[in-house]
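FYI, it's all coordinate maths here, none of it is from the lab. Because the structure is predicted, anything quoted here is derived from the model rather than measured. So basically every Cβ, Gly included, is an ideal-geometry build from the backbone, and we count neighbours across all protein chains shown.
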Amino acid sequence: MAAAEVGDDVLDGDPTMRELEGRVAGLLGAGDALWTPSGSMGNLIALMHHLDRGDAFLAPTGAHVLDAELGTAAWLAGGMPRPMDHDAGPGKVSPAAVRRAAGSTGPYYTLRTTLLCLENTHNAAGGAVTAPEEHAAVVAAARGAKLRVHLDGARLWHAAVALGVPPGALTVGVDTVQVCLSKGLGAPVGSVVAGSAEFVEEARRLRKMLGGGVRQGGVLAAAGLVALDRMDRLSEDHERARTLAAGLRERGWLVGVPETNIVLVAVADLDGTIRRFADAGVRASTMAGQVRLMTHADLTDADVTAALERIGPVEPTRPGATAPASGRAARLRGDRAPAHPAGS
Ligand SMILES: Cc1ncc(COP(=O)(O)O)c(C=O)c1O
């Protein structure tokens with residue numbers, strides 16, 4: 001970062017920024033790309049570009065643009081959110097559901113559904129992966145219904161590594177895509193939003209409007225280039241997440257088999273469990289009504305072992321020992337995990 005060649009990215013460009021943006025555009029099969037300070041800003045820029053007031057957009061339930069960006073899709077981009085059930089598996093919507101939800105043109109006083117916003121991997125669904133053929137079918141359905149498509153690919157690298165496919169195989173047919181250089185890749189800051197050259201020209205204006213233009217951005221872009229070099233390392237995080245999940249199951253916790261680096265633990269007493277983990281020195285957060293644990297670039301195998309020892313078994317007298325009331329637990333058991341040793 002200290003050695004990065006820099007310019008003024010707000011004025012006439014920064015060479016390291018351009019290198020990063022060019023490389024990401026190439027990886028994603030896009031015409032061009034633009035660095036943004038955060039994934040939320042990258043998503044917002046794309047949605048501001050796609051949506052007008054009076055429009056509606058579709059997104060799978062729990063999508064980051066629906067639940068974790070303070071409603072900016074509606075109050076800044078102007079689109080009313082229409083969440084869709086995961087009818088095609090965790091984090092996924094089916095082509096038929098997209099066709100149904102897109103509907104047909106209504107009277108002038110009804111919202112126009114103009115955009116489908118996908119998320120791969122889907123964070124709140126536990127880092128769930130959408131495969132290229134599933135992606136292509138949903139995008140084709142959206143296109144057939146005259147919708148534009150934005151892909152929130154904050155964690156797209158995880159999906160690509162988990163599937164063993166190039167990232168560009170997961171962006172086919174989309175108008176715009178946002179990817180994060182932080183998250184599992186480990187850069188301290190930065191995301192990239194990509195699309196056609198015309199989109200990026202407009203996105204640069206929108207980024208400035210939101211206060212996201214930076215001057216000697218090459219310092220930050222250099223970290224992004226290092227992050228991209230380390231993409232293949234994500235498979236280690238996925239392996240550690242599986243080890244962590246298996247260890248938790250052995251200790252009686254209700255956990256599915258993670259597809260990437262996110263481990264969701266279904267518990268009845270969410271706050272109590274987070275406190276218990278914190279008291280033991282394991283930092284966890286909440287996600288979709290469950291406890292979320294992540295593996296990342298700074299963790300070793302020994303850290304995973306230590307975390308399991310600190311967390312320990314579910315205690316039968318504690319609320320976490322009983323199966324939660326939601327159907328999520330059954331889905332975890334039935335679809336993605338071996339039988340849970342009930343009450344153990
Ligand atoms: C799927 C998804 N999209 C967008 C974001 C937002 O990224 P940022 O925190 O950089 O704004 C996140 C962050 O976790 C995410 O998981």
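Considering the conditions (1) within 17 Å of THR121 (Cα to Cα); (2) surrounded by fewer than 21 Cβ atoms within 10 Å (Cβ to Cβ), ARG204 is excluded by exactly one of them, (1). Under the condition of being over 16 Å from GLY91 (Cα atoms) and either within 9 Å of the ligand (Cβ to nearest atom) or of a type in the set (Gly, Ala, Ser) (or both), the residues counted in the range 152-167 number 1. Inspection of the range 121-134 finds no residue satisfying the criterion of being closer than 21 Å to LEU220 by Cβ, away from the ligand (no atom under 15 Å from the Cβ), surrounded by fewer than 24 Cβ atoms within 10 Å (Cβ to Cβ) and of a type outside the set (Gly, Ala, Ser).
Would you point out which residue out of ALA73, ALA77 is over 16 Å from ASN120 (Cα atoms), among the small types (Gly, Ala, Ser) and not in a loop (DSSP other than H, G, I, E, B)?
Numbers: ALA77 fails: not in a loop (DSSP other than H, G, I, E, B).
Selected residue: ALA73, the only one of ALA73, ALA77 that is over 16 Å from ASN120 (Cα atoms), among the small types (Gly, Ala, Ser) and not in a loop (DSSP other than H, G, I, E, B).
Taking the range 168-191 as the range and being surrounded by 23 or more Cβ atoms within 10 Å (Cβ to Cβ), under 20 Å from GLU236 (Cα atoms) and either acidic (Asp, Glu) or more than 11 Å from the ligand (Cβ to nearest atom) (or both) as the test, only LEU185 passes. Being more than 11 Å from the chain's Cα centre (by Cα) and among the hydrophobic types (A, V, I, L, M, F, W, C) holds for only one residue in VAL139, VAL179, VAL129, and it is VAL139. Cβ-Cβ distance below 6 Å, separation of 6 or more or different chains: which pairs start in the range 1-28 with a residue that is in a loop (DSSP other than H, G, I, E, B) and end on one that is of a type in the set (D, E, K, R)? Close Cβ pairs satisfying both conditions: VAL6/ASP14; GLY7/ASP14; VAL10/ARG215.
Annotation: of all residues in the range 56-80 being more than 16 Å from the ligand (Cβ to nearest atom) and not aliphatic (A, V, I, L, M), the one that is surrounded by the fewest Cβ atoms within 10 Å (Cβ to Cβ) is TRP75. Note on the range 107-124: residues that are part of a loop (DSSP other than H, G, I, E, B), touching a strand residue (DSSP E or B) at 6+ places or on another chain (Cβ under 8 Å) and more than 18 Å from ALA169 (Cα to Cα) amount to 3.
How many residues are within 15 Å of the ligand (Cβ to nearest atom) and surrounded by 19 or more Cβ atoms within 10 Å (Cβ to Cβ) when one looks only at the range 25-47? First the steps, then the outcome.
Taking the range 25-47 first, the residues within 15 Å of the ligand (Cβ to nearest atom) are 34-47.
So of that shortlist, the ones also surrounded by 19 or more Cβ atoms within 10 Å (Cβ to Cβ) come out as 34-36, 39-47.
Here the count works out to 12.
The residues of the range 29-48 that are hydrophobic (A, V, I, L, M, F, W, C) and outside any strand (DSSP E or B), listed by number, are ALA30, MET41, LEU44, ILE45, ALA46, LEU47, MET48.
Residues in the range 81-106 that are buried (at least 20 other Cβ atoms within 10 Å of the Cβ) and in a strand (DSSP E or B): MET84 only.
When the range 271-297 is filtered for residues that are in contact with a Gly (Cβ under 7 Å, 6 or more places away or on another chain) and surrounded by 18 or more Cβ atoms within 10 Å (Cβ to Cβ), only THR273 remains.
Any residue in the range 92-106 that is on the phi < 0 side of the Ramachandran plot and within 16 Å of the ligand (Cβ to nearest atom)? Checking the range 92-106: at least one residue is on the phi < 0 side of the Ramachandran plot and within 16 Å of the ligand (Cβ to nearest atom).
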